[in-house]
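What follows is calculated from the coordinates using simple rules that are stated; it is not laboratory data. This is a predicted model, so every value here is computed, not measured. FYI the Cβ positions are ideal-geometry reconstructions off the backbone, even for glycines, and counts take in every protein chain you see.
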Ligand SMILES: Nc1ncnc2c1ncn2[C@@H]1O[C@H](COP(=O)(O)OP(=O)(O)O)[C@@H](O)[C@H]1O
Ligand SMILES: [Mg+2]
């Protein structure tokens with residue numbers, strides 16, 4: 001096993017955004033090894049933007065961002081890509097390939113395994129996410145929740161140190177969504193994977209989240225950082241309290 | 001402010017798209033030149049699929065366009081040559097025009113409309129669906145992954161399609177001349193004596209180049225797609241227009257250089 005640093009993800013005074021606009025100013029947080037870290041906030045507040053920075057899709061213009069102890073420089077890119085797995089908000093499966101082929105692709109390109117081993121591994125990944133029987137379906141033939149699970153299987157293929165999941169539960173029925181939460185917890189228990197998860201669902205945040213960072217679009221800033229329980233009871237910020245206590249009479 | 005501002009913006013956009021074109025050209029060149037060293041990186045399945053769509057699926061429309069081209073050229077040139085009682089030379093004119101110029105050109109225009117736009121739409125849809133981003137985060141270079149198999153497909157498909165268009169055009173011409181009482185045997189004799197292997201291979205080399213251009217433009221416009229509702233449509237249009245313009249420019253340069261070298 002390779003040694004990972006204590007902080008898998010580190011952001012120091014990062015201005016998150018695009019060349020055309022800064023979405024969040026001065027974001028600072030770090031994610032410890034083995035932690036499940038939640039990014040939350042209203043729609044359009046910049047959660048996916050942060051994810052794209054973390055995944056190296058969007059260069060950071062000011063501040064420092066390190067993943068697995070490395071910054072996203074051209075020299076580190078190949079190494080870093082092997083340590084992360086990303087599930088995009090839409091799943092982003094390759095539409096011209098079957099589910100199994102989607103999972104096989106990273107194995108073919110990087111694993112060095114033989115043909116049969118690769119196939120076995122891909123099949124076992126699919127059954128890990130409960131989709132062994134969807135192997136030969138095209139992404140367009142399965143539901144949104146199934147696509148997201150295939151995407152998680154694909155992201156896990158090379159045993160990354162950290163998985164970035166963008167809204168795994170959004171738009172899914174409660175049962176499927178709870179199934180994804182269980183999957184995340186199981187993966188961490190089995191493989192020690194670190195997770196950064198974008199989520200809105202209070203239930204899922206309390207169930208899987210060790211700590212979370214909350215963002216506010218209006219203030220263009222991170223407004224809270226801490227364990228969900230702590231924020232729910234102890235936060236002074238009315239915006240944060242309102243989010244954690246919405247629709248709940250007691251906790 | 002308003003005018004200068006928009007002028008500046010337009011100039012900046014031009015510079016930006018030119019630099020995007022340059023970096024795409026560089027990446028494509030690197031991807032193709034590295035291919036012999038890593039042949040297993042070539043995505044053969046994508047190539048086969050793209051080749052089938054670019055060639056087999058286009059055969060009917062290319063042949064149809066070829067027949068029309070031959071018929072129209074024959075009628076038009078016969079009207080002029082008839083005044084001198086020289087209808088039989090329509091066959092020479094047809095052969096030269098088709099093999100040197102019009103066969104490759106009309107095939108390239110069809111390929112631009114069918115295949116270049118399809119590449120742009122396909123890759124553009126991948127871009128809009130974050131599939132390109134997914135490739136990048138896996139550590140795969142989108143250009144190396146997507147472009148070589150598609151360009152290879154159009155480069156192989158174009159000469160094949162061009163031959164079909166040319167044969168179809170010659171048969172179209174033959175039919176017209178037969179109506180004008182030029183016997184087929186005489187027609188084909190004239191065609192054979194004016195064309196030679198050099199002329200035919202000149203046309204086919206050009207057509208392979210046009211295939212490269214159409215594949216290249218399709219991939220470039222696809223990768224440049226904006227992730228908006230009409231982004232994919234715009235990319236497909238840009239691919240068709242870009243391919244046809246670039247083919248025209250390339251053809252013009254080749255013709256001019258050929259003329260200067262002969263003269
Ligand atoms: N490619 C882009 N270029 C410029 N601005 C963008 C881009 N993508 C998203 N934005 C803007 O960034 C803000 C945050 O978007 P996003 O991170 O997707 O929000 P969410 O928290 O819902 O995931 C939005 O206001 C959006 O308009
Ligand atoms: Mg989002």
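The mean sequence distance of close C-alpha pairs (under 8 Å, at least 6 residues apart), as a share of the length of chain A, puts its relative contact order at 24 percent.
When you restrict to C-alpha pairs under 8 Å that are six or more residues apart and normalise by the size of the range B:1-109, the relative contact order lands at 16 percent. The distance between label points at residue A:138 and residue B:80 comes to 4.9 nm (points 7 Å beyond Cα on the Cα→Cβ vector).
Principal-axis analysis of the Cα atoms of chain A puts helix A:99-110 at an angle of about 90° to the longest axis. For a Förster distance of 45 Å, can you work out the FRET efficiency between the beta-carbons of residue B:185 and residue B:260, rounded to the nearest 0.05? Result of the calculation: an efficiency of 0.70. Highest mean packing comes first when the peptides B:91-97, A:233-239 are listed by Cβ atoms within 10 Å, giving B:91-97, A:233-239.
Helical runs assigned H by DSSP (4 residues or longer) give the protein assembly as shown a calculated mean residue ellipticity at 222 nm of -20000 deg cm²/dmol, each run adding -39500 (n - 2.57) before division by the residue total. For the peptides B:111-121, B:79-89, A:17-27, residues were scored by their other Cβ atoms within 10 Å and the scores averaged per peptide; the highest-first order is B:111-121, A:17-27, B:79-89. Here the calculated FRET efficiency for residue B:14 and residue B:205, from their Cβ-Cβ distance with R0 = 30 Å, stands at 0.40, rounded to the nearest 0.05.
Most simply put, the protein assembly as shown has about 50% antiparallel DSSP beta bridges, counting only bridges with both residues inside it. Relative to the longest principal axis of the Cα atoms of chain B, the long axis of helix B:2-34 lies at roughly 80 degrees. With a 10 Å cut-off around each Cβ of A:77-84, the average count of Cβ atoms from other chains is 2.
Distance between the 7 Å Cα→Cβ label points at residue B:228 and residue A:189: 4.9 nm.
Packing, taken as the mean count of other beta carbons within 10 Å per residue, orders the peptides B:98-105, B:132-139, B:226-233 from highest to lowest as B:98-105, B:132-139, B:226-233. Spin-label model, residue B:40 to residue B:141: label points 7 Å out along the Cα-to-beta-carbon direction sit 1.9 nm apart.
Here r is the Cβ-Cβ distance between residue A:242 and residue A:71 and R0 is 41 Å; the resulting FRET efficiency, rounded to 0.05, is 0.70. Restricting attention to chain A, close to 50% of DSSP beta bridges with both partner residues there are antiparallel. GNM remark for chain A: springs join alpha carbons under 10 Å apart, and the peak mean-square fluctuation among A:117, A:201, A:167 falls on A:117.
Averaged over the residues of peptide A:42-55, the number of Cβ atoms from other protein chains lying within 10 Å of each residue's Cβ is 1.
Counting only alpha carbon atoms, the long axis of helix B:231-262 and the longest principal axis of chain B meet at about 50°. The relative contact order of chain B, computed from alpha carbon pairs under 8 Å that lie at least 6 residues apart in sequence, is 30 percent.
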